[in-house]
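Below is one structure, written out as structure tokens, with a few remarks after it.
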Amino acid sequence: MTSMTMTVVPIIDIGPFLKGSETGKRAVAERVGRACEEIGFLIVVGHGVPAELVADMYDSASRFFELPIEEKVKIRRPSRDVSRGYIPVGDESLAYSLGQAAPPDLKEVFAIGREDVPDDDDFRRGPARLHLAPNLWPERPASLRETAIAYFRAMERLASDLMRIFAVALDLPEHFFADKIDRHISTIRLINYPEQPTEPVPGQLRSGEHSDYGSLTILKIEDAPGGLQVRTREGRWIDVHAVADAFIVNIGDLMMHWTNDRWISTLHRVVNPPPDKVLGSRRLSIVFFHQPNYDALIECLPTCQGPGNPPKHPPVTSGEHRLRKFLATSLEPSA
């Protein structure tokens, strides 16, 4: 690590990597690797995701959250161990994932996973079942299902590209992670942070302090009062703002485990709007949580250990880690 770590989230153009030049690949990988090591967050441009698709996703998500609560709860998630369907305000506290008691988060969620799950034992039954449950779709808006599936596939492609960049940054073969993510159990969460007409209780945030659970997260945000904050290695909270035609990417717990804490799964939160800016403070985020295959064994990479630097974490499967963290955040009773 350099003596002076990053105190802002860097904007990185990954286009030169995607175009295939070896020089371009190495330059991008070096910048990404430094960001992952020093702050755990980066903002990527040159990603190839159509702006029209992002706009359509925002439009469909907004129309869903504007529905009456009676209609949204028709597709309420079936149990606390399944991340599918609608999750009302008050059903989660992300700070619980760190073992911290905190009031419920001030957000509502619509969650989906892979739609193209093969109907075989490896995917539909056994330990994979909870991670690959069928999606629940609302009747309205009619555009939501098609748009969300298209967006999910675009995020799958971008996540795969980012994992290739990560591999090069870690001095591994470019496709090192391919067989660990080819049956991934990723999810998308459409998250609506409503306006706050009443004052939150002490310690209550839009989204409590937490780290993400998987390999990486791809986040699309909009600027509105009360937003994303990231904790630097020096312990200072900094604001992260929306950048046009860009995605915010951050490292999850499993990448931190893979790299033996060389890369950091950074704490972050979503804060409340200031009291004088409550009106017009509704905020909508689209989050893709990339999670390796449920049975992928996450253990220290060969390039991240050596004499005097033994593995710091015991091996864990992707599915086991995700389920343990996910159950800890839910404030619903067990089904």
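Worth a mention:
- Residue match in region 195-202 (condition: within 12 Å of the chain's Cα centre (by Cα) and either modelled with pLDDT of 80 or more or among the β-branched types (Val, Ile, Thr) (or both)): no
- Being part of a loop (DSSP other than H, G, I, E, B), acidic (Asp, Glu) and at negative phi holds for only one residue in 261, 295, and it is 295.
- For region 290-299, the condition holds for at least one residue, the condition being that it is aliphatic (A, V, I, L, M) and closer than 26 Å to residue 112 by Cβ.
- Of the residues making up region 164-176, just one is under 17 Å from residue 251 (Cα atoms) and free of Cβ contacts under 8 Å to residues at least 60 places away in the same chain, namely 167.
- The set of residues in region 173-188 being at pLDDT 95 or above and basic (Lys, Arg) consists of 180 alone.
- In region 281-288 there is at least one residue that is farther than 27 Å from residue 156 by Cα and in a loop (DSSP other than H, G, I, E, B).
- Checked against the criterion of being acidic (Asp, Glu) and crowded, with 19+ Cβ neighbours inside 10 Å, region 231-246 contains not a single residue that satisfies it.
- Picking from residues in region 112-130 that are of a type outside the set (Val, Ile, Thr) and at pLDDT 75 or above, the one that is surrounded by the fewest Cβ atoms within 10 Å (Cβ to Cβ) is 116.
- Of all residues in region 82-103, those that are in a loop (DSSP other than H, G, I, E, B) and at pLDDT below 75 total 8.
- Matching residues, region 129-156, being without any contact (Cβ under 8 Å) to a residue 12 or more places away in the chain and part of a helix (DSSP H, G or I): 129, 145, 146, 153
- Boolean, residue 157 is within 18 Å of the chain's Cα centre (by Cα), closer than 13 Å to residue 186 by Cα, modelled with pLDDT of 95 or more and not β-branched (Val, Ile, Thr): yes
The values are calculated or read from the model by the stated rules, or taken from the named source; none is laboratory data. Because the structure is a prediction, the values reported are computed rather than measured. Every residue, glycine as well, gets a Cβ built from its backbone with ideal geometry; the counts of neighbours run over all protein chains shown.
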